[in-house]
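Down below is the structure, laid out as structure tokens.
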Amino acid sequence: MRILAIESSCDETAVAILDGDRTLRADVLHSQVDLHRVWGGVVPELAARSHLERIDGLVRTALADAGMALTDIDGLAVTRGPGLLGALLVGMGYAQALAMALGRPWVGVNHLHGHLISPDLLTPMTMPALVLLVTGGHTALYRLDDLETIRLLRRTADDAVGEAFDKLAKLLGLPYPGGPPIERAARRGNPARIALPRPLPKDPRALSLSGLKTAARRAFDAEVAARRTVADDFVADLAAAFQDAVADVLAGVLAEGLKRNPDVAAAHVVGGVAANAVIRARLEATATDFGIPLGAPPLRLCTDNAAMIARAGRLRLVRGETDPWDLQPRNRWEPGPWA
Ligand code: KG4
Ligand code: ZN
């Protein structure tokens, strides 16, 4: 079965064509970061308009890359949520129109489900697995017993990790998105110079990053008050201290999860923040402590892409399922019930 998938939930317009479980015939995307950078974050209306401008060209490029015609497509998968409603509507409307014109089935996919099973695009995931999802909008730990049996173990009550990186970057005068420039600055910094908390609530479902974010802002304000300026070495030290604290918190989340789920055979970290080498390394060390491997998909599968949407959509399309024409996009949508 050849599936054409569309992702447009936030600031990336992406199209992929997946043949079977893991043969990617095409995987293309247009990133809107340059469009949103001047605003310091994603502007929903601009995002929706940009998706509309790009989507048709990307579908044509994907078909050309795959050497296929539209009539070679057996089914469509499209992100239904969570995400920006205007942005989601562009992808859903386009996918529905194609499905209707071609007479093919189509399914709306949970974007987070896509992230969670993205490692399966490379090799079949060993189950049961714990998957730590860290993106700009979500930070949560899940248990997967198979590709569709998903339980939520722990979730942040406030900021997502990526969001916290983006906010700290803004404060430090670094560009959006904040993760990569903070990781670069942190390489020159001394994480021990500024003491930051490592909040990990006793409640196994709870997680909060706002305290850490506030502590970082206080350290910044104190520096400004004391010196009236922010030197490069302070930026590097605060970036390093913050990254170090986040790495410890996430390692703590994974360790707690593994302690409570001793039957788990593998752990994975997915989402844009998984690009961070320091965070990856600390999670790897934690998994090693528990005698299991840590999988982290390559960068292009960690950040938003349509390949993961195709993989998740395929689970339903192969069973002959299709969604109704009046299916609505969802701003919020948790992929699994609490454990
Ligand atoms: O998964 P993603 O591409 O998009 C969604 O939010 O769905 O994640 C983007 C987030 C941004 O907040 C960005 O700052 C963060 O991932 N990020 C990083 C790094 N690269 C991207 N955070 C920390 N270190 C990085 N190297
Ligand atoms: Zn995402």
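Within the range 62-75, is even one residue of a type outside the set (A, V, I, L, M) and within 16 Å of ligand 2 (Cβ to nearest atom)?
First pass over the range 62-75, keeping only residues of a type outside the set (A, V, I, L, M): 65, 67, 71-72, 74-75.
When the remaining residues are screened for being within 16 Å of ligand 2 (Cβ to nearest atom), the result is none.
Among the residues of the range 62-75, not one is of a type outside the set (A, V, I, L, M) and within 16 Å of ligand 2 (Cβ to nearest atom), which makes the answer no.
So, of the residues in the range 83-100 that are buried (at least 21 other Cβ atoms within 10 Å of the Cβ) and under 15 Å from D11 (Cβ atoms), which turns out to be farthest from the chain's Cα centre (by Cα)?
Top of the filtered list is V90.
Pairs needed: first member in the range 191-219, touching a residue at least 24 places away in the same chain (Cβ under 8 Å) and within 13 Å of T156 (Cα to Cα); second member anywhere, in a loop (DSSP other than H, G, I, E, B) and among the polar types (S, T, N, Q); C-beta distance under 8 Å; at least 6 residues apart or different chains.
So the pair list comes out as P199/S208.
Give the range 279-298 a look and list any residue that's assigned to a helix (DSSP H, G or I), in contact with a helix residue (DSSP H, G or I) (Cβ under 9 Å, 6 or more places away or on another chain) and either at pLDDT below 95 or not polar (S, T, N, Q) (or both), or say none.
Passing the criteria: I279, R280, A281, R282, L283, A285, A287, D289.
Only one of (1) touching a Gly at 6+ places or on another chain (Cβ under 8 Å); (2) away from ligand 2 (no atom under 16 Å from the Cβ); (3) in contact (Cβ under 8 Å) with a residue 60 or more places away in the chain fails for T126. Which number is that?
(1)
Restricting to the range 268-296, give me the number of residues that are within 16 Å of ligand 1 (Cβ to nearest atom), charged (D, E, K, R) and either in contact with a strand residue (DSSP E or B) (Cβ under 9 Å, 6 or more places away or on another chain) or farther than 14 Å from V249 by Cα (or both).
Within the range 268-296, residues that are within 16 Å of ligand 1 (Cβ to nearest atom), charged (D, E, K, R) and either in contact with a strand residue (DSSP E or B) (Cβ under 9 Å, 6 or more places away or on another chain) or farther than 14 Å from V249 by Cα (or both) number 2.
Can you report the number of residues in the range 130-139 which are within 12 Å of ligand 2 (Cβ to nearest atom) and within 15 Å of S118 (Cβ to Cβ)?
The number of residues fulfilling the criteria is 4.
Among residues belonging to the range 1-57 that are within 20 Å of P124 (Cα to Cα) and charged (D, E, K, R), point out the one that is nearest to the chain's Cα centre (by Cα).
Step by step, filter the range 1-57, then rank; the result is D27.
Suppose we filter L171, L144 for residues that are of a type outside the set (S, T, Y), touching a Phe, Trp or Tyr at 6+ places or on another chain (Cβ under 7 Å) and more than 9 Å from ligand 1 (Cβ to nearest atom); which single one remains? Even if it seems obvious, please write down each step before you answer.
Working: L144 fails: touching a Phe, Trp or Tyr at 6+ places or on another chain (Cβ under 7 Å).
On inspection, the qualifying residue turns out to be L171.
Look through the range 236-263, keep the residues that are in contact with a Lys or Arg (Cβ under 7 Å, 6 or more places away or on another chain) and β-branched (V, I, T), and return whichever of them is farthest from R151 (Cα to Cα).
Once the filter is applied, the top-ranked residue is V249.
Please indicate, with yes or no, whether at least one residue in the range 270-278 is closer than 30 Å to G75 by Cβ and in a helix (DSSP H, G or I). If you could, list the steps in order and put the result at the bottom.
Residues of the range 270-278 that are closer than 30 Å to G75 by Cβ, as a first pass: 270-272, 274.
Right, trim to in a helix (DSSP H, G or I) and you get 272, 274.
Yes, there is a match, as at least one residue in the range 270-278 is closer than 30 Å to G75 by Cβ and in a helix (DSSP H, G or I).
Give the residue, chosen from R332, R260, R316, that is of a type in the set (D, E, K, R), surrounded by 16 or more Cβ atoms within 10 Å (Cβ to Cβ) and more than 13 Å from ligand 1 (Cβ to nearest atom).
Selected residue: R316, the only one of R332, R260, R316 that is of a type in the set (D, E, K, R), surrounded by 16 or more Cβ atoms within 10 Å (Cβ to Cβ) and more than 13 Å from ligand 1 (Cβ to nearest atom).
Name, by its number, the condition in (1) more than 16 Å from ligand 2 (Cβ to nearest atom); (2) modelled with pLDDT of 95 or more; (3) under 16 Å from the mean Cα position of the chain (by Cα) that does not hold for A306.
The failed condition is (1).
For the range 81-94, give me each residue that is touching a residue at least 60 places away in the same chain (Cβ under 8 Å) and either touching a Phe, Trp or Tyr at 6+ places or on another chain (Cβ under 6 Å) or not aromatic (F, W, Y) (or both).
Within the range 81-94, G81, P82, G83, L84, L85, A87, L88, L89, V90, G91, M92 meet the criteria.
Failed condition for A97, given (1) within 22 Å of R314 (Cα to Cα); (2) touching a residue at least 12 places away in the same chain (Cβ under 8 Å), with all others met?
So the condition that A97 fails would be (2).
For the range 144-152, indicate whether the set of residues that are farther than 30 Å from A69 by Cβ, within 13 Å of ligand 2 (Cβ to nearest atom) and touching a residue at least 40 places away in the same chain (Cβ under 8 Å) is non-empty.
no
Looking at the range 204-236, which of the residues that are farther than 14 Å from L174 by Cα and charged (D, E, K, R) is surrounded by the most Cβ atoms within 10 Å (Cβ to Cβ)?
K213
The values are calculated or read from the model by the stated rules, or taken from the named source; none is laboratory data. Remember, it's a predicted structure, so these values are computed and weren't measured experimentally. Ideal geometry is used to build each Cβ from the backbone, glycine not excepted, and the neighbour counts take in all protein chains shown.
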